[in-house]
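Undergrad: Right, I'll just put the structure down here and ask away after.
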Amino acid sequence: MVVALGSNLAGDYGSCEALLEAALARFPSVGLKIQKRSGWWRSAAWPDPNAPEYRNGVALVEANAGPEQVLVALLDLEAAMGRERAGRNAPRTLDLDLIAHGREVRDAPGLVLPHPRAHERRFVMGPLAEIAPAWTHPVLGLTAAALAAAATVGRDATPIRP
């Protein structure tokens, strides 16, 4: 399973990176076992580049739950960490997206798998390519590395080096 993490408001955590680390630390408490995770990437806010800069990353996780239950767990974790939904693409403390649940393909109200726009976003595909370059999109058949290279949104996304 692929989960994307993002933040451009640190909230009570001091930095977006600290908030994202705290979110990852809580994954096991909501039934998500982290197998591998990317480093943090930075990019201008999208679609409004005047908003605070984003930090993004990706985690490969395992769960003994279906995609609906995983999505509920992610939304609950967002809320527990201070996420307020002010509007579409508004600045946020924490954004957790279920990008893929195995090879499952679904187009249902409230849950589309794989995520319908992740393949266009370098701030998702770049971190995924960092840890799983050969991951293959269940519909497009392209690898994470190829999708990161072709992404049209967030082209400025780059890894943050320690």
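Undergrad: Could you check how many percent of all C-alpha pairs in region 48-135 are farther apart than 20 Å?
TA: 40
Undergrad: Let me ask something additional. Under a point-charge model restricted to the Cβ atoms of Lys and Arg (+1) and Asp and Glu (-1), what is the dipole moment magnitude of region 117-162 relative to its Cα centre, in debye to the nearest 20?
TA: Numbers: 5 positive and 3 negative charges, 17 e Å.
That gives a dipole near 80 debye.
Undergrad: Another one. Over 25 Å apart: what share of the alpha carbon pairs of region 11-162 falls there, rounded to a whole percent?
TA: 26
Undergrad: Compute the whole-percent fraction of alpha carbon pairs in region 17-70 spaced more than 14 Å apart.
TA: Value for region 17-70: 61 percent of Cα pairs lie more than 14 Å apart.
Undergrad: Would you be so kind as to identify which of 131, 147, 79 lies farthest towards the positive end of the dipole of region 61-162, taking Lys and Arg as +1 and Asp and Glu as -1 on Cβ and the Cα centre as origin?
TA: After comparing all options, I get 147.
No value in this document is a laboratory result; all are computed from the given coordinates. Everything quoted here is computed from the prediction, not taken from an experiment. Reconstructed Cβ throughout: ideal geometry from the backbone, glycine too, with neighbour counts over all protein chains shown.
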